[in-house]
1. Scan the stretch 179-197 for residues that are more than 19 Å from M132 (Cα to Cα) and in contact with a His (Cβ under 8 Å, 6 or more places away or on another chain) and jot them down.
2. Output the qualifying pairs, or none if there are none: Cβ atoms under 6 angstrom, residues six or more apart or on different chains, first residue in the stretch 109-132 and over 15 Å from D88 (Cβ atoms), second residue at pLDDT below 95 and surrounded by fewer than 21 Cβ atoms within 10 Å (Cβ to Cβ).
3. Determine if the stretch 178-191 includes at least one residue that is within 26 Å of I290 (Cβ to Cβ) and either surrounded by 13 or more Cβ atoms within 10 Å (Cβ to Cβ) or modelled with pLDDT under 95 (or both).
4. Enumerate the helices (runs of 4 or more DSSP H) found wholly within the stretch 101-202, keeping only those where 3 or more residues are within 13 Å of the chain's Cα centre (by Cα).
Amino acid sequence: MPFFDVSKYQKEGEESSAASVNGIRIFYATYGRGKTKVLLIIGLAGTHDSWGPQIKGLTGTETPNDVESLIVDENLNDPDEIEVCSFDNRGMGRSSVPTNKSQYTTTVMAKDALALLDHLGWRKAHICGHSMGAMIACKLAAMAPDRISSLALLNVTGGGFECLPKIDRKMISLGIRFLRARTPEQRAAVDLDTHYTKEYLDEDVGSNTRREDLYQEYVKAISSTGMQSNCGFEGQINSCWTHKMRSKEINSIRSSGFLISVIHGRHDIIAQIRHARRLAKKLQPAARMIELHGAHLVSHERAEEVNGALMELIKATKSKMNPQEWSNISNGFGQQARGRSMSSRRRDQGQDCFSCIQFCHLEKAKKNSKEKKHLKA
């Protein structure tokens with residue numbers, strides 16, 4: 001299976017970051033063949049195969065290139081065909097898990113993604129990120145805008161307190177369940193309620209509900225990769241918590257000329273949609289805001305619509321559409337949001353909370369560590 005060493009692609013003048021790349025191996029997989037390249041960057045605790053619906057939707061296959069027969073592929077340079085690459089971020093899946101929390105920032109992880117582009121020999125690619133992966137995608141676009149064909153940001157926030165959900169009774173309950181989850185079965189049950197809307201989970205699919213089918217898939221996936229290590233989890237939390245796009249970085253993206261899609265689920269309880277709208281406004285004049293009826297994992301819940309939006313972005317890029325024609329944002333909101341009531345907007349613009357599932361888990365891990373040290377003493 002394909003891995004690459006990040007240190008081999010360290011740029012000159014980056015010696016100070018040697019500790020962040022030395023010994024780091026990233027696992028990746030490619031799918032499909034074609035001149036159009038797409039790099040998918042997954043979010044916190046996700047793995048490369050979390051992009052399943054997009055991989056199948058963009059390439060027509062779920063089979064990685066590395067396990068296919070080695071034959072001459074006529075589609076290799078076909079501009080109408082797509083090759084996709086997805087990978088495990090450091091701290092998750094089969095990629096390396098650094099033990100030092102400082103080795104996890106969105107800037108460091110964006111350099112991992114840039115090194116992967118170099119390893120693949122891709123001069124440019126359409127970049128698509130989800131949640132934490134969208135934060136990484138923003139950093140990548142700011143540091144290497146000449147490598148970006150287009151930028152798609154799914155369920156994105158600006159990091160820091162913006163990646164914390166509003167506190168309410170449901171979130172407190174989910175937080176408690178998350179902290180108590182010790183098995184793949186327990187973790188899967190919590191993940192379903194944070195990733196999807198209730199109506200989606202309760203839909204009948206054959207003789208079962210979608211919740212029952214997804215539960216089995218989640219348990220199998222978590223069991224195959226194992227529960228994320230504390231080092232990996234705390235490190236990726238750190239990357240979200242410390243993420244910030246400075247004005248200079250935003251301006252670098254805005255002035256680069258590539259098209260941008262900001263795609264978000266209206267019922268996302270993890271990443272509040274108002275933060276995505278704000279970012280889309282900052283990225284004018286090239287950003288399009290797309291709001292879908294879904295939750296945090298809108299890439300699965302509304303896979304067909306997300307895939308359609310990605311294909312439209314790729315086609316618009318190929319046709320060299322003018323950014324002003326691409327954008328649908330007026331007064332900071334996408335066209336899809338204009339019909340929403342003032343009361344619902346106020347609910348979306350509720351106060352930031354100071355607690356979230358991941359943050360509670362991190363604090364509990366710190367507390368357990370201190371208690372162990374005290375007992376040893």
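1. The answer is L179, T197.
2. Within 6 Å, the pairs are D118/Y9.
3. As a first pass, look at the stretch 178-191 and keep what is within 26 Å of I290 (Cβ to Cβ): 191.
Add one more test, that the residue is either surrounded by 13 or more Cβ atoms within 10 Å (Cβ to Cβ) or modelled with pLDDT under 95 (or both), and what stays is 191.
Yes, the conditions are met somewhere in the stretch 178-191.
4. Values: elements: 106-120, 132-143, 169-180, 184-195, 198-202.
Once the helices (runs of 4 or more DSSP H) in the stretch 101-202 are filtered for at least 3 residues that are within 13 Å of the chain's Cα centre (by Cα), what remains is 106-120, 132-143.
The values are calculated or read from the model by the stated rules, or taken from the named source; none is laboratory data. Note that this is a predicted model, so its numbers are computed, not measured. Quick reminder, even Gly has a Cβ in these numbers, built from the backbone with ideal geometry, and neighbours come from all protein chains shown.
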